[in-house]
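Working notes, structure below.
Just so it is clear, none of the values below were taken in a lab; they were calculated from the coordinates. Please read all numbers here as calculations on a predicted model, not as lab measurements. With ideal geometry, Cβ positions are generated from the backbone for all residues, glycine too; neighbour counts draw on all protein chains shown.
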Amino acid sequence: MSRAICPQCGRKVGPEHFACCSGAAGGCVGGKATGEAKRRGDSAHYRAMVARRKDRKANASGEGAAMKRSGMAVPLHRVVRPELRFKSATNEWATPDSLWQPLNAEFVFTLDVCSTDGNAKCVRHFTLADDGLKQPWSGVCWMNPPYGTQLAKWVRKAYEESQRGALVVGLIPVRSNTSYWHEYVMRGEY
């Protein structure tokens, strides 16, 4: 669905918005349904506003309100289609400097085991062409592996190299429902 900016309320909206947002039908003023559309209850804005009010009233005395009062984070009820979770156009991501610098200050890394020439964090590093999975690791190693189907192989290699004396610090997602997590991560030091 294409989105456009509504000239009445200035919000990004879809085509259904313009049907309810015409000035002749009561229209939209600042994102609120007015006039005839409000009286009929057929404005998309009005229906959404009523739904939000009902949700707020339901949560005002429920679990969300108790969590707000206690200072806990309130869960957002956002629907994400399962087939879109953990998907990206690439599985190569550079480590952000805001994360890298404090870790490097603590560990003083000597080898980046999975990088590109453009995002390597250490002078000594392995690229895709070098294939860090086939190379011996030594010293203090930084590992920010591709999060795709190869992740389990990188975690296993990190565990094996740590058993041979290398110190490996890795940036990996918490996927505690996987076998590699229980076989290697839970047996390592953290």
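Structure above, values below:
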{"read-out": "Relative contact order (percent, whole number), the range 107-178, Cα cutoff 8 Å, 6+ residue spacing", "value": "30 percent"}
{"read-out": "Protection proxy ranking of 157-166, 124-133 - average other beta-carbon atoms within 10 Å, highest first", "value": "157-166, 124-133"}
{"read-out": "Alpha-carbon spread of the range 97-185, three principal axes, descending order, Å", "value": "33, 28, 26"}
{"read-out": "Inter-probe distance in nm under a simple model that places probes 7 Å from Cα toward Cβ, at Ala51 and Leu103", "value": "4.1 nm"}
{"read-out": "Cβ-defined net charge surrounding Tyr184, 15 Å radius [Lys, Arg +1; Asp, Glu -1]", "value": "+2"}
